Amino acid sequence: MFSPAQSGANAYARVGVETGIMGASPHKLIALLYEGARKAIAQARMHLQMGNVGPRGEAIGKAIRIVESGLQLALNVEAGGEVAQRLNALYGYMTKRLLEANIQQSESMLVEVDRLLATLEEAWLGIGPEVERMARAASGPVSGSLTR
């Protein structure tokens, strides 16, 4: 079905993605989840406009899995306090809206969820420099020296 060159290119692409994920910080992984969910919603919108029912459902299903199994599962509601609880509720709302968007074939619902994700993604990326600074400080030199 695929030429050897094409399968080699696909394998190379998979390795690149896996390597990018394996070496990513927790902050970067969440950013990748936001990006992936938004891409899936964009695909769902395209399939909705083209009348492709099956692929639309698959794309919405992918977005739901990313929100539920990625973003929502990554929350630590106990340690995160009110912010984590509100994010948990928001992710639940997004999942519900994505399901409704699929059933009702509603592009406006897809746009709504994409905007919510875009806002969260922007805020998440905005704290990136501070997260990196804190990570560098935590992994910096050990206090105290080995001098005589």
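The values are calculated or read from the model by the stated rules, or taken from the named source; none is laboratory data. Just so it is clear, the model here is predicted, and its values are computed rather than measured. Please note: Cβ atoms are built from the backbone with ideal geometry, for glycine as well, and neighbour counts cover all protein chains shown.
Yes/no per residue for (1) over 17 Å from the mean Cα position of the chain (by Cα); (2) more than 14 Å from Tyr34 (Cβ to Cβ); (3) of a type in the set (A, V, I, L, M, F, W, C):
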{"site": "Glu58", "(1), (2), (3)": "no, yes, no"}
{"site": "Ala118", "(1), (2), (3)": "no, no, yes"}
{"site": "Trp124", "(1), (2), (3)": "no, no, yes"}
{"site": "Ala137", "(1), (2), (3)": "yes, yes, yes"}
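Among the residues of region 20-34, count how many are loosely packed, with under 15 Cβ neighbours inside 10 Å and either among the hydroxyl-bearing types (Ser, Thr, Tyr) or closer than 25 Å to Gln105 by Cβ (or both).
1
So how many residues does region 90-148 have that are of a type in the set (D, E, K, R) and either at pLDDT 95 or above or in contact with a Gly (Cβ under 7 Å, 6 or more places away or on another chain) (or both)?
So the count comes out to 9.
Taking only region 35-92 into account, find how many residues are surrounded by 15 or more Cβ atoms within 10 Å (Cβ to Cβ) and assigned to a loop (DSSP other than H, G, I, E, B).
2
Pick from region 104-126 the residues that are free of Cβ contacts under 8 Å to residues at least 40 places away in the same chain and either among the basic types (Lys, Arg) or not in a helix (DSSP H, G or I) (or both): which of them is farthest from Met50 (Cα to Cα)?
Arg115
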